[in-house]
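Structure first, then comments.
The values are calculated or read from the model by the stated rules, or taken from the named source; none is laboratory data. Here the structure is a predicted model, which means the values were calculated and not measured. Neighbour counts are summed over all protein chains in view; Cβ atoms, including those assigned to glycine, are modelled from backbone coordinates with ideal geometry. Ligands, DNA and RNA are excluded from the accessible area calculation, which covers all protein heavy atoms including side chains. Shrake-Rupley method; radii C 1.70, N 1.55, O 1.52, S 1.80 Å.
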Amino acid sequence: MLSRVVEMIYWTARYLERTENLARLINVNSNLLLDLPKSIAPGWEPLINITGTRESYLEQHDDFNERTVLAYLVNQNNSPSSLAKALSGARESARTIRDVIPRESWEQINALYLYAKDNSNKVFVKSQRFEYLNNIILRCQTLNGLFAGTMNQDEGYSFLLIGRNLERADMTTRIIDVRSADLLADENQSLQPFDLIQWMSVLKSLSAYQMYRRSMQVKINRSAVLKFLFQSEVFPRAPYHCIAKVEFSTMDLPNNEAPLRLIGRVKRDLIDTDVGNLEQEALHEYIDQLQLSFINIGDAFSEQYFLSGNMQHQQQADS
Amino acid sequence: MTIEWKNYQAEKFYDELMIASNKARPCGKKLAKYLASLSNSDLETYRIATELSIKEIGVSFTVYNQEEGSIDRSWPLDIFPRIMTKTEWQKIEAGLKQRVQALNLFIADLYGEQRILKDGIVPKEVFKNSKNFREQCIGVKPPLGIWAHICGSDLVRDKDGVMYVLEDNLRVPSGVSYMLENRLVMKRVFPELFEDYSILPVDDYPSKLFDMLASISPRPADYPEVVVLTPGIYNSAYFEHAYLAQQMGCELVEGRDLVVHDDDCVYMRTMRGLKRVDVIYRRIDDLFLDPEVFNKESTLGVPGLMRAWRKNNVALANAPGAGVADDKVVYAFVPKIIQYYLGEEISLPNVKTYICMYEEDRKYVLANLDKLVVKPANESGGYGMLVGPSSTKKQQKQFAELIKSNPGNYIAQPTLSLSTVPTLVKNKVEPRHVDMRPFILSSDRVEVTTGGLTRVALVKNSLVVNSSQGGGSKDTWIVDEEA
């Protein structure tokens with residue numbers, strides 16, 4: 001399979017996963033704000049932090065009111081990680097490989113892009129927001145199903161899974177990072193009664209609440225939630241699970257020694273770290289390190305298999 | 001009943017379906033009757049179903065727009081087919097084969113011994129200014145001696161009912177995917193229509209295309225690696241490139257996917273490393289193919305590609321330089337070219353053409369600018385033309401100057417009245433002008449698509465069928481009356 005094609009499959013998967021996670025985030029934040037008293041509600045600022053776009057956001061805006069943040073996250077094309085940006089990235093990548101991916105999946109991506117664009121006003125109306133975002137999530141899920149059910153499960157499919165799981169691992173750590181920082185940074189006792197709600201919202205933004213209940217059978221507390229969210233072998237959005245999936249998909253690829261070594265290290269690190277007992281500061285540093293290691297894994301794939309990595313090699317050899 | 005044939009204006013031009021207002025041609029009787037039996041709401045239902053089907057299938061041509069990135073627009077398909085008998089088609093098919101065979105011999109001769117120039121059949125001056133003659137191709141002998149592997153010839157029918165060849169496209173002719181998709185859509189939407197007729201299928205084109213491409217591989221013993229080379233997603237025909245690659249099961253590559261190594265062979269970069277490529281169906285113009293030889297700025301092409309091709313390490317379809325024979329001045333010589341190489345009379349006629357480099361022709365052209373269509377030799381897509389009957393005195397004067405200063409670059413033809421086909425216009429049937437583009441594949445044998453792409457000018461009285469200027473298309477039926 002062409003290097004450019006596997007690269008584009010990888011990015012299509014990453015952008016679609018990013019889309020789904022952004023929609024989840026906004027949805028859960030909306031719900032959370034309805035449950036919390038105004039005085040302690042974290043507002044919309046954390047979402048800007050989660051997407052790692054604080055600096056570019058502050059260049060354009062000086063407050064974090066709902067409408068501004070939503071506009072930035074949903075349809076601002078000049079934001080580096082908005083829904084609109086992720087979807088046009090998915091669509092453009094998919095367009096260059098429409099001869100490889102199943103026809104229906106291209107049509108679905110196209111339809112999803114058009115739906116999100118044509119209906120983006122709904123996100124500003126509280127009563128329509130859930131429907132809009134949920135539709136996006138459902139369409140992303142449909143696409144995952146379409147790929148699973150109709151695409152040849154060859155090397156291309158391996159890169160689809162790799163892209164999806166790397167993006168998912170990354171997004172999960174971002175959500176935990178920002179959400180838990182809010183929770184613990186404030187020593188204010190008045191927060192306590194709502195602590196539970198906030199940890200529930202962390203779980204819910206990852207669709208993890210029900211699965212946590214089934215799997216952990218303990219009451220919701222910081223340590224158990226962190227342990228579950230980072231290290232669960234069975235929960236599909238837990239970084240440990242995601243990286244294990246990446247490893248599994250990499251097994252069948254040729255010349256996989258370098259990426260596999262890196263993945264193995266990250267996986268060991270994930271399971272060995274006593275994440276539930278990390279102090280807030282340490283947790284934040286740990287998450288930073290994890291995100292760096294995900295980037296390194298991505299780079300290892302690029303170097304070994306992708307056209308962009310391939311061309312870089314050649315340029316270095318030429319000069 | 002909504003379609004009333006008695007109100008249909010069939011007599012003004014040659015109509016492909018109707019002889020007179022209420023009288024269909026023999027092969028179209030059942031079609032006309034069926035269409036007349038449809039109610040207004042039937043028609044509306046079918047039209048909407050067709051549009052939806054096209055959108056779903058994703059048949060689109062791209063219009064690039066900076067603000068919004070790229071936009072796909074659906075290409076309108078008119079639901080009334082164009083119909084032609086197998087008997088008539090077979091004559092046309094034979095004529096096309098003869099024509100393309102002669103053109104291939106002609107191109108090979110031009111880049112070889114140039115006998116036809118030495119024998120004075122075609123004057124040397126024709127090539128002095130030819131934009132599409134490529135010196136870099138002189139002396140090259142591509143496999144089987146074929147240069148134009150895929151040819152799209154545009155046919156039009158004049159008032160007299162005769163089919164003429166209007167032009168040949170020997171570089172990167174496009175449109176075949178629309179022909180294939182149109183049939184797919186029509187079968188989905190209109191299955192009842194197909195019951196009354198024995199319509200010859202068109203869907204074997206991708207496999208014939210693949211067989212043709214495989215047959216020109218420089219390594220015939222192995223299973224050849226065939227790829228489709230596209231300029232990328234912003235090209236207006238990208239849909240077609242992707243479609244054909246998908247249908248043939250080939251890789252769709254961009255220039256940056258390919259690399260020519262020190263051994264002068266072409267490789268594609270795969271995730272497993274480099275893989276040798278044998279045949280490239282290129283959908284990039286000559287001048288962008290290889291920055292080492294042609295346009296140095298080109299990032300679409302592959303450095304070293306011409307080297308590899310000249311050493312016969314890779315086959316290119318169409319061969320670089322093949323476009324020399326779709327020059328409008330060369331067109332005028334096609335009857336002589338056929339006579340010269342095949343010793344036969346031309347069987348599918350050319351449109352009468354005045355060659356301005358000849359004094360007698362030039363005089364006639366200058367005196368009749370208001371009646372003629374004047375075309376420059378090397379433009380395509382209708383650019384730089386003068387359409388006499390609809391031109392102003394000022395424009396005619398401008399063209400008179402142009403012709404006098406560079407007579408070798410101009411030809412002129414009488415204005416044709418293209419034939420019409422009944423077309424659905426706001427739930428009414430009206431005649432609209434059409435042309436037809438069959439595709440001819442040449443390698444060890446010559447094959448022609450069954451029928452071709454019928455393009456229709458959707459604007460009343462317009463003769464412009466181009467998709468970018470209000471054109472649409474129709475399914476083209478070649479019907480076997482005996483079956």
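Using the structure shown, select from B:187/B:208; B:12/B:208; A:117/A:245; A:85/A:245; B:97/B:118 the pairs with a Cα to Cα distance greater than 28 angstrom. Intermediate results must be reported in sequence, preceding the final value.
Working: B:187/B:208 22 Å; B:12/B:208 39 Å; A:117/A:245 32 Å; A:85/A:245 26 Å; B:97/B:118 26 Å.
Correct reply: B:12/B:208; A:117/A:245.
Give me the inter-chain shielding for B:227-239: mean count of other chain Cβ atoms within 10 Å, whole number please.
Mean inter-chain Cβ contacts per residue within 10 Å come to 1.
Which one, A:16, A:138, A:166, has the greatest fluctuation when you compute a Gaussian network model over chain A with C-alpha springs under 10 angstrom?
Looking only at A:16, A:138, A:166, the largest GNM fluctuation is found for A:138.
Mind listing the long-range amide H neighbours of residue B:425? Cut-off is under 5 Å, sequence gap 5 or more, other chains count too, H placed in the peptide plane at 1.01 Å from N.
Here B:430 satisfy the definition.
Please report the relative contact order for chain B, taking Cα pairs under 8 Å with a sequence separation of at least 6, and give it as a percent rounded to a whole number. Write down the numbers at each step before the final one.
Numbers: 956 pairs, mean separation 113.0, N = 483.
Here the relative contact order equals 23 percent.
About its Cα centre, how strong a charge dipole does the protein assembly as shown have in debye, to the nearest 20, once Lys and Arg get +1 and Asp and Glu get -1 at the Cβ?
For this selection, approximately 1840 debye.
Pull up all non-local amide H partners of residue B:270: gap of 5 or more, or a different chain, and H-to-H distance under 5 Å with H placed in the peptide plane.
Those qualifying (amide H under 5 Å, at least 5 residues apart or on another chain) are A:3, B:275.
Output the 0 to 90 degree angle, nearest 10, between the alpha-carbon long axis of helix A:103-118 and the longest principal axis computed from the alpha carbons of chain A.
40 degrees
Quick one: accessible surface of residue B:262, probe radius 1.4 Å, all protein chains present, in square angstrom to the nearest 10.
Accessible area, nearest 10 Å²: 150 Å².
What do you get for the angle between helix A:307-318 and the principal long axis of chain A? Use alpha-carbon atoms, 0 to 90 degrees, nearest ten.
60 degrees
What are the GluC sites (Glu not before Pro) within region B:348-448 that DSSP puts in a loop, where the Cβ has at most 15 other Cβ atoms within 10 Å?
Working: sites: B:359, B:360, B:379, B:401, B:447; in loops: B:379.
Answer in residue order: B:379.
Taking a ≥ b ≥ c as the square roots of the eigenvalues of the Cα gyration tensor of region B:354-414, is the shape rounded (a/c under 1.5), prolate (a/b larger than b/c) or oblate?
Working: a/c = 1.44, a/b = 1.08, b/c = 1.33.
Verdict is rounded for region B:354-414.
Average partner chain C-beta neighbours within 10 Å, per residue of B:252-258?
Partner Cβ neighbours, averaged per residue: 4.
Just to check I understand the Karplus step: with θ = phi - 60° and J = 6.51 cos²θ - 1.76 cosθ + 1.60, what whole-Hz values come out for region B:197-203, glycine and proline as x?
Ordered by residue, 3J(HN,Hα) equals 10, 9, 9, 6, x, 10, 6 Hz.
Loop-only check: which trypsin sites (Lys or Arg not before Pro) in region B:1-47 are DSSP coil with at most 11 other Cβ within 10 angstrom?
B:12
For the peptides A:29-40, B:98-109, what is the packing order when you average, over each peptide's residues, the other Cβ atoms within 10 Å and list the highest mean first?
Highest mean packing first, the order is B:98-109, A:29-40.
What is the sum of charges, Lys and Arg at +1 and Asp and Glu at -1, for the other residues whose Cβ falls under 10 Å from the Cβ of residue A:252?
So the surrounding residues net to -2.
Given +1 on the Cβ of Lys and Arg, -1 on the Cβ of Asp and Glu, and no further charges, what dipole in debye does chain A carry about its Cα centre, rounded to the nearest 20? It would help to have the intermediate numbers written out before the result.
Working: 33 positive and 39 negative charges, 233 e Å.
Approximately 1120 debye in magnitude.
Loop by DSSP (not H, G, I, E, B), at most 13 other beta-carbon atoms within 10 Å: where is the longest site-free stretch of chain A for GluC sites (Glu not before Pro)?
The answer is A:1-186.
Can you list the lysines whose alpha carbon is less than 18 Å from that of residue B:311, not counting same-chain residues fewer than 8 positions off?
Leaving aside lysines fewer than 8 places away in the same chain, those within reach of residue B:311 are B:141.
Using a 1.4 Å probe on the protein heavy atoms only, what accessible surface does residue B:459 show? Give it in Å² to the nearest 10.
Result for residue B:459: roughly 80 Å² accessible.
Listed here are the pairs B:6/B:29; A:227/A:267; B:375/B:397; B:375/B:474; which of them are more than 19 Å apart at the Cα?
Violating the 19 Å Cα-Cα cut-off are B:375/B:474.
Hey, can you find the accessible area per residue of chain B for me, probe 1.4 Å, expressed in square angstrom?
Per-residue value: 42 Å².
Taking a 1.4 Å probe, which of A:251, A:211 shows the most accessible area, and what order do the others take after it?
A:251, A:211
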